[in-house]
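Structure first, commentary second.
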Amino acid sequence: MGLFSKWVESLDYQYEILSTCSRNKSPRSTCSHCIDACELNAIEIKKGIPHINYKGCNECGKCMVSCPVQAIAGIFPKREFHQGRLVAGKSSPPSAKELVVYAKKGIKGIIGEEEIDSRWNQAVDEANVLLKQLEEPLLTVERTKLEKTEECISRRELFFSWKEGTQTLLKEMAPAKWRFNQTALELSRYYPNHQFANIQLNTERCTLCHACEKLCDKKCIEINDEGFVISAQSCSNCQLCADICPEKAITVNEQISPYEQVKYPFFTSVCSSCHKSFHTLSENQELCVPCMKKSQFLITR
Ligand code: SF4
Ligand code: SF4
Ligand code: SF4
């Protein structure tokens, strides 16, 4: 490990929740992945926004891995690698998501000298379920004596070594408030032929209000001349579209499948009340949206 890397290791840092948190984008966001992932209950919601209680945080990185939109910045805990394998230790195991990224980068499995902690084995099992769905080689678990002369590198260095282009380590670090792995854990980047979410639209309910389309940063939803187009390859499963939809017409579930764009075409109808022409996704829709809302309002009065 170089002097500069050692200096980096010695620096203190704190995890930070960025303004890109889904809860900052919409007060209707129900995202609580970071809160659920934190075993020390060190994240709490204040005025709708998650905050880290630094006294309770041990910087394990679980919140960072769990955040679907990479809105938690910080540095991963140090890990070691040996002959292309992650060295299992007493520390908390990596998540399945993290292992899937390692696998894509050539890590073949985990290795340890002593009995490997069951939590590490479980993480590998979970990662292998995902890797199987992605049609990738599975990770192995091995017990063997580790050569002391072998070079061990930290997890952070591994992530750095993956960075493409000519950016130097210094340039990466200087302005970014320790934003390591902000994008390194975005699985869809590594598996462009697969999608990690299944977005379902209820065409009977959707009123084509565009709210989901406007809120989706990943451009997974487009309402254009062709109709309602869903491209889930880059979907982060942030749930913002489902949370914002006033008609509860959209649902998003974690699911790995080959990438496929889905198009729901428009139908053109004439409103049976105001007799104006309107676009709809449902062949059976008789009222345009304003007339439908008006009739619903009169019924509930
Ligand atoms: S997991 Fe990420 S997006 Fe969700 S509440 Fe936490 S910081 Fe925000
Ligand atoms: S489609 Fe929905 S869940 Fe997926 S990234 Fe866009 S807003 Fe988030
Ligand atoms: S799915 Fe919901 S939010 Fe999106 S256009 Fe339809 S009604 Fe609006």
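The values are calculated or read from the model by the stated rules, or taken from the named source; none is laboratory data. Values in this document were obtained by computation on a predicted structure and should not be read as measured data. Positions of Cβ are generated from backbone atoms using ideal geometry, with glycine treated the same way; all protein chains shown enter the neighbour counts. Just so you know, the surface numbers come from the protein's heavy atoms only, side chains and all, with ligands and any DNA or RNA stripped out. Shrake-Rupley method; radii C 1.70, N 1.55, O 1.52, S 1.80 Å.
Examine the range 261-276 for a residue that is within 16 Å of ligand 2 (Cβ to nearest atom) and of a type in the set (A, V, I, L, M), and state whether such a residue exists. Steps first, answer last, please.
Of the residues in the range 261-276, the ones within 16 Å of ligand 2 (Cβ to nearest atom) are 261-264.
From what is left, the residues that are of a type in the set (A, V, I, L, M) are 262.
So far as the range 261-276 goes, yes, one or more of its residues are within 16 Å of ligand 2 (Cβ to nearest atom) and of a type in the set (A, V, I, L, M).
Does K62 meet the test of being within 19 Å of the chain's Cα centre (by Cα) and more than 9 Å from ligand 1 (Cβ to nearest atom)? So that I can check it myself, show each step before the final result.
Details: within 19 Å of the chain's Cα centre (by Cα): yes; more than 9 Å from ligand 1 (Cβ to nearest atom): yes.
The answer is yes for K62.
Is it fair to say G2 is modelled with pLDDT under 85 and surrounded by 18 or more Cβ atoms within 10 Å (Cβ to Cβ)? Please lay out each step first, then the result.
Numbers: modelled with pLDDT under 85: yes; surrounded by 18 or more Cβ atoms within 10 Å (Cβ to Cβ): no.
Judged against the criteria, G2 is not a match.
Which one of the conditions (1) within 16 Å of ligand 2 (Cβ to nearest atom); (2) within 28 Å of S32 (Cα to Cα) does P258 fail to meet, given that it meets all the rest?
Unmet for P258, out of (1) within 16 Å of ligand 2 (Cβ to nearest atom); (2) within 28 Å of S32 (Cα to Cα): (1).
Looking at E226, E222, can you tell me which residue is within 16 Å of ligand 2 (Cβ to nearest atom) and either under 21 Å from K97 (Cα atoms) or among the acidic types (D, E) (or both)? Spell out the reasoning first.
Numbers: E226 fails: within 16 Å of ligand 2 (Cβ to nearest atom).
Testing whether each residue is within 16 Å of ligand 2 (Cβ to nearest atom) and either under 21 Å from K97 (Cα atoms) or among the acidic types (D, E) (or both) leaves just E222.
Within the range 223-245, restricting attention to residues that are modelled with pLDDT of 95 or more and farther than 30 Å from E136 by Cβ, which residue is least open to solvent (accessible area, probe 1.4 Å)?
Per the criteria, the residue is F228.
Out of (1) in a helix (DSSP H, G or I); (2) modelled with pLDDT under 95; (3) open to solvent by 30 Å² or more (accessible area, probe 1.4 Å); (4) farther than 27 Å from D117 by Cβ, the odd one out for R23 is which?
Evaluating R23 over (1) in a helix (DSSP H, G or I); (2) modelled with pLDDT under 95; (3) open to solvent by 30 Å² or more (accessible area, probe 1.4 Å); (4) farther than 27 Å from D117 by Cβ leaves (2) as the failure.
Looking at the range 244-263, is at least one residue touching a Gly at 6+ places or on another chain (Cβ under 6 Å) and more than 16 Å from ligand 1 (Cβ to nearest atom)? Reasoning before the result, please.
Initially, the range 244-263 is screened for residues touching a Gly at 6+ places or on another chain (Cβ under 6 Å), giving 263.
The next check asks that each one be more than 16 Å from ligand 1 (Cβ to nearest atom); those that pass are 263.
There is at least one residue in the range 244-263 that is touching a Gly at 6+ places or on another chain (Cβ under 6 Å) and more than 16 Å from ligand 1 (Cβ to nearest atom).
Among residues belonging to the range 239-251 that are out of contact with any Leu (no Cβ under 9 Å at 6 or more places or on another chain) and near ligand 2 (Cβ under 10 Å from one of its atoms), point out the one that is farthest from L185 (Cα to Cα). Spell out the reasoning first.
If we filter the range 239-251 for residues that are out of contact with any Leu (no Cβ under 9 Å at 6 or more places or on another chain), which is where we start, we get 239, 242, 245-248.
If we keep only those that are near ligand 2 (Cβ under 10 Å from one of its atoms) too, we end up with 239, 242, 245.
Numbers: Q239: 18, A242: 23, C245: 27 Å.
Taking the candidates together, the pick is C245.
Out of the residues in the range 192-207 that are open to solvent by less than 30 Å² (accessible area, probe 1.4 Å) and more than 13 Å from E260 (Cα to Cα), state the one that is farthest from ligand 1 (Cβ to nearest atom).
Of everything passing the filter in the range 192-207, T207 is farthest from ligand 1 (Cβ to nearest atom).
Quick one: in the range 118-142, which of the residues that are polar (S, T, N, Q) and open to solvent by 70 Å² or more (accessible area, probe 1.4 Å) is farthest from the chain's Cα centre (by Cα)? I'd like the intermediate steps shown before the answer.
Here is the first cut: in the range 118-142, the ones polar (S, T, N, Q) are 118, 121-122, 128, 133, 140.
Of the ones still in play, those that are also open to solvent by 70 Å² or more (accessible area, probe 1.4 Å) are 118, 122, 133.
Details: S118: 26, Q122: 21, Q133: 17 Å.
For the range 118-142, the residue satisfying everything is S118.
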